[in-house]
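Asks: The structure is given below, and queries will be raised subsequently.
Throughout, read-outs are computed from the coordinates displayed, never taken from laboratory work. Source: prediction; values computed, not measured. Cβ: placed from backbone, ideal geometry, glycine included. Neighbour counts: every protein chain shown.
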Amino acid sequence: MSNRGRLAILGASGHGKVVADIAIHAGWQDITFYDDVWPRRTRLEHWDVRGTLAMLLHDLPHFDGVVVAIGHNGIREAKLDALLNHGARVVSLVHPRATVSPLAQLGAGSVVMAGAVVNAFAELGMGTIINSAATVDHDCRLEACVHVAPGANVAGDVEIRRTSWIGAGAVVRQGVTIGEGVTVGAGAAVVSDIDGHLVVAGVPARPMTPTQGDDSIADPPAEGSNVLRLDLTSIQGRS
Ligand SMILES: CC(C)(COP(=O)(O)OP(=O)(O)OC[C@H]1O[C@@H](n2cnc3c(N)ncnc32)[C@H](O)[C@@H]1OP(=O)(O)O)[C@@H](O)C(=O)NCCC(=O)NCCS
């Protein structure tokens, strides 16, 4: 436990509270938050919010570890890059009631929550989140800053490219590849490969149709189909 002394968490939000809880369970002794909302926010529950990212970069020598607790996958990736470029000791956090195979690999800054399972030979890139009771099975490869939301199940040999988000309770069939920046809706069943930057939902998962500002999809969904309508702006990070 000697290297689990002072932990800095970037991101003073609801997700940050859960990450702090995991850190306590994992034996970290002293937790301090940083967030660019400082000085408008100086406390999060009973923790101090001490400053912005720029101030954290300055304070790095005071910490034994740093983790980014920002739900938006793209923003989390950018902040992690900044920290790593400044030589921060970015650590991973695994809840003691998660099951992570010793044969799996966790990238720097990964967070594995209570009840989650990461099985043998799965590889998680930096900044991945495996949320409560989610499972990632054998030989999966998740690139940087993928988020598998609570209760989602990713079967074996699945590849998920950077910053994609697998919604709560979704299921991904074995062997499927999900492109970069994809959002998979809650409860979806992904049974075939998904191109990058799509929002998919339903059983089986189909792309949702933008209703504004995208001329590339001209035809409305057929009556009774499971193609859905939505405005694609800023979906990721909602929770
Ligand atoms: C798929 C998703 C991204 C769409 O978000 P959105 O653009 O805000 O969508 P809306 O809520 O405006 O819904 C648009 C339509 O899609 C439907 N819809 C939304 N999410 C759906 C889903 N997961 N599955 C099936 N249909 C869905 C809505 O019922 C609505 O249908 P309607 O036009 O017939 O009324 C979002 O609903 C979702 O599932 N996000 C994942 C949430 C999650 O897992 N959170 C975990 C946080 S850790």
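Asks: Please determine, in degrees from 0 to 90 and to the nearest 10, the orientation of helix 14-25 with respect to the longest principal axis defined by the Cα atoms of the chain, where the helix direction is its Cα long axis.
Replies: 50
Asks: Label-point separation (nm) for Trp47 and Val203, each offset 7 Å from Cα along Cα-to-Cβ?
Replies: Each label point lies 7 Å from its Cα, and together they span 3.6 nm.
Asks: Further, regarding this structure: Determine the gain in length on full extension of the stretch Ala120-Gln174; use 0.36 nm per residue of separation and subtract their C-alpha separation, reporting nm with one decimal.
Replies: Details: separation 54, 0.36 × 54 = 19.44 nm, distance 1.45 nm.
Contour length minus the Cα-Cα distance gives 18.0 nm.
Asks: Related question: Would you work out the relative contact order for the chain, in percent, from Cα pairs under 8 angstrom that are 6 or more residues apart?
Replies: 10
Asks: Using a 10 Å cut-off around each Cβ, can you sort Phe121, Phe63, Phe33 from fewest to most neighbouring Cβ atoms?
Replies: Exposure proxy ranking, most exposed first: Phe121, Phe63, Phe33.
Asks: Less than 13 Å Cβ to Cβ from Leu84, Lys/Arg counted +1 and Asp/Glu -1: what total charge do the surrounding residues give?
Replies: Charge balance in the 13 Å sphere: +1.
Asks: In addition: Excluding Val136 itself, calculate the net charge of residues whose Cβ lies under 12 Å from the Cβ of Val136, where each Lys or Arg counts +1 and each Asp or Glu counts -1.
Replies: Working: positive: Arg141; negative: Glu123, Asp137, Asp139, Asp157, Glu159.
Around Val136, the surrounding residues sum to -4.
Asks: If I stretch the segment between Glu159 and Ser192 completely, what's the gain in nm (0.36 nm per residue apart, minus their alpha carbon distance), one decimal?
Replies: So the chain would gain 10.7 nm between Glu159 and Ser192.
Asks: Follow-up question, since we're still on this one. Using a cut-off of 11 Å between beta-carbons, work out the net charge of the residues near Cys145 (Lys and Arg +1, Asp and Glu -1, Cys145 not included).
Replies: 0
Asks: Can you tell me the relative contact order of the stretch 92-211? Whole percent, Cα pairs under 8 Å, sequence separation 6 or more.
Replies: 14
Asks: Quick one: of the DSSP bridges fully inside the stretch 6-91, what percent are antiparallel, nearest 5? If you can, show how the numbers build up before the last one.
Replies: Working: 2 of 13 bridges.
If we restrict to bridges inside the stretch 6-91, about 15 percent are antiparallel.
Asks: To the nearest 10 degrees, how steep is helix 73-85 against the longest Cα principal axis of the chain, on a 0 to 90 scale?
Replies: 40
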